[in-house]
1. If I go through segment A:224-243 residue by residue, how many of them are within 8 Å of another protein chain (Cβ to nearest Cβ) and either assigned to a loop (DSSP other than H, G, I, E, B) or closer than 18 Å to residue A:178 by Cβ (or both)?
2. Assigned to a helix (DSSP H, G or I), over 18 Å from residue A:28 (Cβ atoms) and more than 24 Å from the chain's Cα centre (by Cα), is that true of residue B:136?
3. Is there a residue being over 25 Å from the mean Cα position of the chain (by Cα), outside any helix (DSSP H, G or I) and either within 27 Å of residue B:83 (Cα to Cα) or more than 8 Å from every other protein chain (Cβ to nearest Cβ) (or both) anywhere in segment B:210-226?
4. Regarding residue A:221, is this residue under 19 Å from the mean Cα position of the chain (by Cα), modelled with pLDDT of 85 or more and closer than 19 Å to residue A:58 by Cβ?
5. Could you list all residues from segment B:42-56 that are surrounded by 17 or more Cβ atoms within 10 Å (Cβ to Cβ) and free of Cβ contacts under 8 Å to residues at least 40 places away in the same chain?
6. Considering only residues that are within 13 Å of residue B:242 (Cβ to Cβ) and more than 8 Å from chain A (Cβ to nearest Cβ), which ones fall in segment B:112-150?
7. Considering each of A:29, A:34 in turn, give the residue that is in a helix (DSSP H, G or I), in contact with a helix residue (DSSP H, G or I) (Cβ under 7 Å, 6 or more places away or on another chain) and either on the phi > 0 side of the Ramachandran plot or buried (at least 18 other Cβ atoms within 10 Å of the Cβ) (or both).
8. Of the residues that sit in segment A:113-123 and are in contact (Cβ under 8 Å) with a residue 40 or more places away in the chain and at the interface with chain B (Cβ under 7 Å from one of its Cβ atoms), which one is surrounded by the most Cβ atoms within 10 Å (Cβ to Cβ)?
C-alpha cells in the first residue's frame with residue numbers, strides 16, 4: 001500500500017507540485033471564503049468580541065427590516081434601467097462599426113475606451129457632468145435644446161437613472177464587443193442567401209441575424225444582469241448610496257453592514273442572497289435559451 | 001463561436017464587396033448606398049464623440065489652473081494652460097505613494113500570476129495525473145462566484161493572516177486567478193505534444209520542458225494574461241477599498257476616491273489626478289489593443 005502510494009507519487013508528484021500554488025490559494029481564498037460565508041451568515045460577529053451563533057436571525061433581519069428591501073428594489077430597478085437599454089445600444093454600436101466603411105476600426109476603438117477607464121475616474125467625470133446647476137455640462141446641453149436644468153444625482157427620483165446612464169456609458173463598449181464576436185461568426189452563405197431572396201437590410205437583421213445570435217443575446221443578458229446585481233462601485237463613487245437611500249444597492253448595503261457597522265453575519269446573509277440569485281439566474285437563462293452548458297465561455 | 005475572430009482586421013469585407021457589386025447593378029440602389037454610407041459615417045462620429053467627450057473635457061480641465069465645477073462651457077485648450085494642477089495633486093495628497101502602490105501591486109501580482117497560472121495551466125493541459133479533470137472543473141465552477149459575494153469572509157481570512165492593510169493582503173489573494181489558468185491551459189493544449197515527448201526522450205524534466213519549451217511558445221496567452229491583469233488590478237476598486245485602512249497603503253484608485261468623497265478638494269487638482277489614473281491603462285490599451293480586446297471577450301467577466 002505504502003509502496004504503491006510512493007510509486008504513484010514518484011510518477012505524478014511533480015504534476016501535483018505544479019498545481020499546488022494555485023490549489024492552496026484556491027483552498028484558502030476561493031473555497032475557504034465560500035464555505036466561511038455560509039458559516040458566517042448564521043453568526044453574530046463584530047470581529048472584536050467572540051462570535052455567537054445567531055440561527056436564522058441574520059436572514060430574519062433581511063426579511064423584516066426596510067434596508068434590505070429598499071436595496072433590493074433599487075438593485076432590481078437599476079437592472080431594469082441598465083440591461084434592456086444596454087442590449088439595444090450595444091447592438092446598435094456593433095451594427096454601426098460592423099459596416100464596411102474605412103476607419104471603422106478606429107471608431108470601434110473609441111467606443112471601447114470607456115471600458116478600460118478606472119471607475120473612480122468615470123465617477124469623477126460624471127459627478128461634474130451631472131452638476132445640478134444650470135452650468136453643469138449636461139444641463140448646459142439640455143438648455144441648448146430647450147429643456148430646463150435637471151437635478152440629476154441631487155434628486156431622489158433621478159439619482160438611480162443617473163447611475164444607470166453613467167454605467168451605460170462606461171460599459172456598453174464591452175457588450176458591443178460581444179455582439180461583434182457574434183455578428184462575425186455568422187456564415188457568409190446565410191447572409192448571401194437572404195440577399196438573393198431579396199431580403200432588405202432590416203429583414204436580414206430581424207429574421208436572419210438576430211435569431212442566429214441567440215447565444216449572444218443570452219450571454220449579454222446574463223452578464224449584464226449579473227453585473228447589475230453586483231452594482232457597487234458606480235453607486236458608491238457617484239452618489240454614495242444617496243440621496244437618502246435612492247441608490248442603495250444590495251452590495252453597497254452589504255459593504256456598509258460589514259465595514260461600517262461591523263455586522264459580519266448580516267453582511268454574509270446579504271452575500272448569500274446575492275449568490276443564490278446569481279446562480280439561479282444563470283441556471284434559468286441557460287434553461288430558457290436551451291443552450292449546451294458552458295458553451296459560450298469556451 | 002470563435003472569439004478571436006473579433007480581431008481579424010476585416011472579416012466581413014469579402015461578403016460586403018460581393019454585396020456592393022450586386023447592388024451596383026441595381027441602379028437606384030447606388031444612390032441609396034451613397035446616402036447610407038454618409039449617414040453611417042455621421043452616426044459613427046457623433047456616437048464616437050459622445051464616448052470620448054467626457055475624457056477630453058477631463059484632460060482640458062486638468063491643464064486649466066482656473067477650472068472649477070461651476071463654469072461651463074470651458075475652453076478645450078485654456079489660454080493659461082499649465083501643469084499647475086499636476087504639481088498640486090502631488091503636493092496636497094499622497095498621490096506619489098498611491099501611484100507607486102498601484103504599480104508595485106500590479107507588477108508583483110502579474111509576475112506571480114504568470115508563474116502560477118502558467119505552471120497550473122501546463123499541468124492541466126499536458127499532465128495525466130489522477131483527478132486532473134475533477135480538480136480543473138471544480139476550479140472552473142468557481143469562475144461563476146462573484147468576488148462581491150465572498151469579499152466579507154475573504155477580508156476576515158486576510159485579517160486573520162495578519163495581512164490587512166499590508167502589501168501581502170493586496171497581492172496574495174489576487175494570485176488566485178482561475179481565468180488565467182483556464183487561458184494558459186487552453187493555449188498550451190493546442191501546442192503539439194510531440195515537443196513534450198521529444199524533450200522527455202532527451203531527458204528533460206517536466207519543469208525544464210515547461211520553462212524552456214512551453215512557456216516561450218505560449219507567449220500570446222502570457223501577453224493576454226499580463227495585459228488583462230494590469231487593466232483589472234489597476235482599475236480595481238472594491239477589493240483594495242476593503243483591504244486597506246490607512247492612506248499610505250491605498251492604490252491610486254482608492255486614494256483618489258477618498259479625496260473626492262472627503263472634504264471636496266479642488267476641482268482642477270482632482271481632474272489632474274484622474275488623468276494620471278487613466279494614462280497607464282489607456283497606453284496599455286493603445287499599444288496592446290488586440291490582447292485587451294481578446295482577453296475581455298474571452299473572459300466574459302465584466
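1. 5
2. It is true that residue B:136 is assigned to a helix (DSSP H, G or I), over 18 Å from residue A:28 (Cβ atoms) and more than 24 Å from the chain's Cα centre (by Cα).
3. Just the residues of segment B:210-226 that are over 25 Å from the mean Cα position of the chain (by Cα), to begin with: B:210-213.
Applying the additional criterion that residues be outside any helix (DSSP H, G or I) yields none.
Scanning segment B:210-226 turns up no residue that is over 25 Å from the mean Cα position of the chain (by Cα), outside any helix (DSSP H, G or I) and either within 27 Å of residue B:83 (Cα to Cα) or more than 8 Å from every other protein chain (Cβ to nearest Cβ) (or both).
4. Details: under 19 Å from the mean Cα position of the chain (by Cα): yes; modelled with pLDDT of 85 or more: yes; closer than 19 Å to residue A:58 by Cβ: no.
Answer is no for this residue.
5. Of the residues in segment B:42-56, the ones surrounded by 17 or more Cβ atoms within 10 Å (Cβ to Cβ) are B:44, B:47-48, B:51, B:54-55.
Correct list: B:44, B:47, B:48, B:51, B:54.
6. Of everything in segment B:112-150, just one residue is within 13 Å of residue B:242 (Cβ to Cβ) and more than 8 Å from chain A (Cβ to nearest Cβ), namely B:147.
7. The match here is A:29.
8. Filtering first and then ranking leaves A:120.
The values are calculated or read from the model by the stated rules, or taken from the named source; none is laboratory data. Computed from a prediction, not measured in an experiment: that's the story for all the values here. Don't worry about glycine lacking a Cβ; one is built from the backbone with ideal geometry, like all the others, and counts go over all protein chains shown.
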